[in-house]
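Below: one structure, written as structure tokens.
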Amino acid sequence: MSRPLPRLRLLAFVPSAQAPSETFIRANLRGLPFDTIAYFGDDLSWRRPWQGAYAASVLLSKVLYRLGLRRAGTLPPSLVAWALCRRHRPDALIAEFGFHAVRMMEAAAWSDLPLVVQFHGSDASARSRLVPLRERYRRLLGLAAGVMAKSEPMRRTLLELGAPAERLVVSPCGADAALFHGATPGLAPPTFLAVGRFVAKKGPLLTIRAFAAALEQLPPGQAAGLRLVMVGDGPLLPASRQLVHALGLQDQVQFPGLCSPAEVADRMRACRAFLQHSLVAPDGDSEGSPVSVMEAQLSGLPVVSTRHAGIPEVVLEGETGLLVDEGDVAGMAEAIARLASDPALAERLGRAAALRARSAFTVGHHLDAVAGLVERVVAERRQASQD
């Protein structure tokens, strides 16, 4: 009887242990079928000396990068990551976000371990990342044994930067099927939900303007019942509040702030549709495949969004939601008015959305893709060492 193979050991490097926007990354790492040990770039813990050392090296790296010493900035985290490789003896490394991977990438070369890099959004789109890091990214993509993108547009960007097609996998992060389910948009009141950071690429001001324009398209009695709930925080929240006041919509638009995933799931079960006016920000920042869109679809909500980044790969226009061009406030307003007036349409789109999301866009699908890539690059490296 053959003995079971030992579980692979994975050493993970993540920019932040604190950022709410990276909660899904930490949860996904915990869900991988490996013995995963994670180190975070912002956790200066004195209780965990090695963790503190890695965070301190990242802090030094940031200083060197700001001084324009990008190659030198790679050395401190790479040295600590190399020492961690010797300490933990992992089978593979994984780094979250390209801008963080370039800080520790040399550890993969020095330790002769396969490195998998996950790009998520701004790290493969914003000019503040791509322009100064272009040379570093080319080095990274040459070192990486595997690369994960969140959408086809992101895949094309990474190919242009030199990522080999045979080692590049597209896999959105997915939504948690245990949390996001059970919406009945056909029976719900005409409440529209938006969830995300109040930043330019999420288009919160355009969402508010579209909602206001939709009210004008509906009979007064029906318009009075519409509500917009915008969950989240960020630099554009004050401007969003000001716009709501300027439009006289204080009684119809709510800003509950940050909510836990469970609270977001409950809100999704109590609304008619999900809104997100994603677009390319002035600095070039773009989405990958927004997790909140997948959560809404998995819940059973129709999504009104834009033909942006990976969204059309998740939301099928006219089948699971309604899509408009970036910046098309009038088109988004018309879609909102349609769903407000036609709960049967919302129900039909929502049911199709849940079926599609369950078949392709859950956390489980993403974990399978990550695990498959890690296992493949480990097997290839072992085979190469035996040849």
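Out of V117, V131, report the one residue that is over 21 Å from I311 (Cβ atoms), aliphatic (A, V, I, L, M) and over 21 Å from the mean Cα position of the chain (by Cα). The match here is V131.
Pairs are defined by a Cβ separation below 6 Å, a sequence spacing of at least 6 or placement on different chains, a first member in segment 285-298 that is of a type in the set (A, V, I, L, M, F, W, C), and a second member that is in a helix (DSSP H, G or I) and open to solvent by 10 Å² or more (accessible area, probe 1.4 Å); the pairs so defined are V291/F24.
Being buried (at least 24 other Cβ atoms within 10 Å of the Cβ), out of contact with any Phe, Trp or Tyr (no Cβ under 9 Å at 6 or more places or on another chain) and not aromatic (F, W, Y) holds for only one residue in L113, L140, and it is L140. Would you mention how many residues in segment 298-323 are touching a helix residue (DSSP H, G or I) at 6+ places or on another chain (Cβ under 6 Å), closer than 17 Å to A337 by Cβ and open to solvent by 10 Å² or more (accessible area, probe 1.4 Å)? The qualifying residues number 1.
The rows are residues; the columns are (1) closer than 24 Å to P261 by Cβ; (2) assigned to a helix (DSSP H, G or I); (3) open to solvent by less than 10 Å² (accessible area, probe 1.4 Å); (4) free of Cβ contacts under 8 Å to residues at least 60 places away in the same chain.
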| residue | (1), (2), (3), (4) |
| --- | --- |
| A17 | yes, no, no, yes |
| R26 | yes, yes, no, yes |
| P33 | yes, no, no, no |
| L44 | no, no, no, yes |
| A56 | no, yes, no, yes |
| S61 | no, yes, yes, yes |
| G68 | no, no, no, yes |
| R87 | no, yes, no, yes |
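Evaluate the following for L355: is it among the hydrophobic types (A, V, I, L, M, F, W, C) and buried (at least 16 other Cβ atoms within 10 Å of the Cβ)? So L355 fails the test.
Residue count for segment 161-190 satisfying the condition of being assigned to a loop (DSSP other than H, G, I, E, B), of a type outside the set (G, A, S) and open to solvent by 40 Å² or more (accessible area, probe 1.4 Å): 6. Listed conditions (1) more than 16 Å from the chain's Cα centre (by Cα); (2) surrounded by fewer than 21 Cβ atoms within 10 Å (Cβ to Cβ); (3) within 21 Å of S286 (Cα to Cα) are all met by A200, apart from (1).
Scanning for something touching a residue at least 60 places away in the same chain (Cβ under 8 Å) and among the small types (G, A, S), does segment 151-164 turn up at least one residue?
Among the residues of segment 151-164, at least one is touching a residue at least 60 places away in the same chain (Cβ under 8 Å) and among the small types (G, A, S), which makes the answer yes.
The residue that is surrounded by the fewest Cβ atoms within 10 Å (Cβ to Cβ), among those in segment 231-274 that are within 24 Å of A346 (Cα to Cα) and among the polar types (S, T, N, Q), is Q254.
I'd like the full set of residues that are assigned to a helix (DSSP H, G or I) and among the small types (G, A, S), limited to segment 123-155.
A124, S128, G142 - these are the residues of segment 123-155 that are assigned to a helix (DSSP H, G or I) and among the small types (G, A, S).
Among L158, L228, L193, which is the only one that is open to solvent by less than 50 Å² (accessible area, probe 1.4 Å), in contact with a Cys (Cβ under 8 Å, 6 or more places away or on another chain) and not in a loop (DSSP other than H, G, I, E, B)? Only one candidate qualifies: L193.
Is it the case that A337 is of a type outside the set (V, I, T), within 19 Å of L228 (Cβ to Cβ) and touching a residue at least 12 places away in the same chain (Cβ under 8 Å)? Judged against the criteria, A337 is a match. Within segment 244-278, the set of residues being assigned to a helix (DSSP H, G or I), out of contact with any Pro (no Cβ under 9 Å at 6 or more places or on another chain) and in contact (Cβ under 8 Å) with a residue 12 or more places away in the chain comprises V244, P261, A262, V264, A265, M268. Looking only at residues of segment 93-105 that are in contact with a Leu (Cβ under 7 Å, 6 or more places away or on another chain) and in a helix (DSSP H, G or I), we find that the one that is surrounded by the fewest Cβ atoms within 10 Å (Cβ to Cβ) is F99.
Comparison of A108, A72, A83 shows that the only residue that is without any contact (Cβ under 8 Å) to a residue 60 or more places away in the chain and touching a Cys at 6+ places or on another chain (Cβ under 9 Å) is A108.
The values are calculated or read from the model by the stated rules, or taken from the named source; none is laboratory data. Note that the coordinates shown come from a computational prediction; the quantities given were computed from them, not determined experimentally. Quick reminder, even Gly has a Cβ in these numbers, built from the backbone with ideal geometry, and neighbours come from all protein chains shown. Note: areas computed on protein heavy atoms with side chains; ligands, DNA, RNA excluded. Shrake-Rupley method; radii C 1.70, N 1.55, O 1.52, S 1.80 Å.
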